[in-house]
């Protein structure tokens with residue numbers, strides 16, 4: 001079961017996963033996370049993927065998602081120069097990412113515990129309620145007004161857009177934006193956490209889809 005869970009857990013994220021290794025990243029929340037310098041890790045759980053994925057009967061079949069969902073309400077980014085409407089709720093991959101990163105759900109709170117394991121999974125380095133440490137820069141909270149907008153329509157004058165934003169690059173197709181060698185993916189024409197971040201690959205920390213040297217990741221979408 002452990003080998004099956006690991007294999008399927010790695011495959012389910014809807015992005016290319018070649019040459020990636022979550023075991024050496026901060027997203028390794030198993031006991032072995034301690035050996036790569038992580039300060040948050042499980043007391044006894046050795047499976048890596050089970051914190052987010054499970055191969056059978058989980059809370060959301062799209063990602064074989066196994067982590068308890070957040071029910072928080074959020075304050076979203078707004079700007080007078082942003083043409084797209086401010087979202088009223090999270091959607092897509094952002095909803096799953098924030099189930100840990102908003103700090104309202106315990107990191108070890110899973111839908112189905114691993115065989116012989118506990119729910120919640122006992123963790124080291126977390127707050128008393130099991131959530132991400134308050135001092136962690138990865139704990140974004142529920143006030144996202146100072147963060148890049150997520151769950152927001154990508155407006156660029158193409159694909160039936162009626163609210164053109166001249167500061168954004170035209171999409172190469174409905175859910176793809178490309179500039180040079182970098183291609184970023186939208187979800188249902190929306191910018192989500194998974195547009196810029198790949199949770200399985202920390203080659204370009206923090207889990208960026210590509211290096212942001214010279215703001216090249218930002219300039220994939222932005223023209224200024």
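Here the extension length gained between residue 78 and residue 218 equals 48.6 nm, from 0.36 nm per residue of separation less the Cα-Cα distance. Packing here is the average count of other Cβ atoms within 10 Å per residue, and on that basis the peptides 100-112, 199-211, highest first, run 100-112, 199-211. Here the simple spin-label model places points 7 Å from the Cα toward Cβ, and for residue 127 and residue 178 these points are separated by 4.3 nm. Let me make sure I get this right: for region 67-206, a, b and c are the square roots of the gyration tensor eigenvalues over alpha carbons, sorted descending. Under 1.5 in a/c it's rounded, otherwise prolate if a/b > b/c, else oblate. Which is it? Prolate is the answer for region 67-206, as a/c is 1.5 or above and a/b outweighs b/c. For region 101-143, rounded, prolate or oblate, judged on the Cα gyration tensor with a ≥ b ≥ c (square roots of eigenvalues), a/c < 1.5 rounded, else prolate if a/b > b/c? Because a/c hits 1.5 or more and a/b exceeds b/c, region 101-143 counts as prolate.
Packing around the peptides 42-55, 86-99, taken as the average count of other Cβ atoms within 10 Å per residue, puts them in this order, highest first: 42-55, 86-99.
Distance between the 7 Å Cα→Cβ label points at residue 39 and residue 148: 2.5 nm.
Since every read-out is calculated from the coordinates, none of them should be taken as a lab result. Predicted, not measured: the structure shown is a model, and the values here were computed from it. Here the Cβ is made from the backbone with ideal geometry for all residues, glycine too, and neighbour counts use every protein chain on show.
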